1. Could you pull out the pairs from 69/102; 102/162; 40/166; 96/162; 40/111; 40/89 whose alpha carbons sit more than 26 Å apart here?
2. Residue 54: net charge of surrounding residues, Cβ under 9 Å, Lys/Arg +1, Asp/Glu -1, itself excluded?
3. Could you please report the charge total around residue 87, scoring K, R as +1 and D, E as -1 over all other residues with beta-carbon less than 13 angstrom from its beta-carbon?
4. Using mean Cβ contacts within 10 Å as the protection proxy, how do 146-154, 84-92 order, highest first?
5. Which of the trypsin sites (Lys or Arg not before Pro) found in segment 108-147 are loop residues per DSSP with 13 or fewer other Cβ atoms within 10 Å of their Cβ?
Amino acid sequence: MATNQGGGFGQRSGGPGQGGYGNDRFSTPPAPTISVSDIKLGAALPVDLFADIAQEKAALIFDAKRGRKINESTQLRKFYDELVMWFDKVHHERTKVDKVGKYAEVAPFIKMMIAKVAYARGRTHVDECFEQMFSHLIRQIDSPDTLKHAKLFMEAFMGFYKAQEK
């Protein structure tokens, strides 16, 4: 009976010339990661959501570019612009009851933005970090108020992101 001593499927030994990070000229650095647990849109908003948290996420996602043509501000702006469009449709209504009704009507289309960001990642327009952050944001939207908080977070994020380019 033969045993597999070379490691299982998909495992790397990390030895010289075997694809471990830093050990061969064709290896790539590990993908950047982002924590999104501090982005909370509920009633008790973190005090620094639109300041420090948005700035930290903008810096992380900008740094993930590493000179690649990914996470371009024009691409990210498309997601922000669509979020603003849905916000405007909901908040154009005069009464709170009408806003809630309009939100219920457009909620499936707001949630569809999760699929749109996944598609953009598949086409390498955005990276995993942006997809994780944006999807996390959209998943938390469940009312006109959380829609407003998501829009404000993305507004702050985009401002800080654009500042990174300078």
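Just so it is clear, none of the values below were taken in a lab; they were calculated from the coordinates. Here the structure is a predicted model, which is why all the values come from computation and not from measurement. Note that we place each Cβ from the backbone using ideal geometry, even for glycine, and neighbour counts take in every protein chain shown.
1. Values: 69/102 37 Å; 102/162 32 Å; 40/166 28 Å; 96/162 34 Å; 40/111 17 Å; 40/89 23 Å.
Going by Cα-Cα distance, 69/102; 102/162; 40/166; 96/162 fall outside the 26 Å limit.
2. Working: positive: 57; negative: 48, 52, 56, 155.
For residues surrounding residue 54, the net value is -3.
3. Details: positive: 89, 99, 102, 148, 151; negative: 81, 82, 88, 93, 145, 155.
Counting the neighbours of residue 87, the net charge comes to -1.
4. On the way: 146-154: 20.9, 84-92: 16.0.
For the peptides 146-154, 84-92, the packing ranking is 146-154, 84-92.
5. Values: sites: 111, 116, 121, 123, 139; in loops: 123.
Loop-located and lightly packed - 123.
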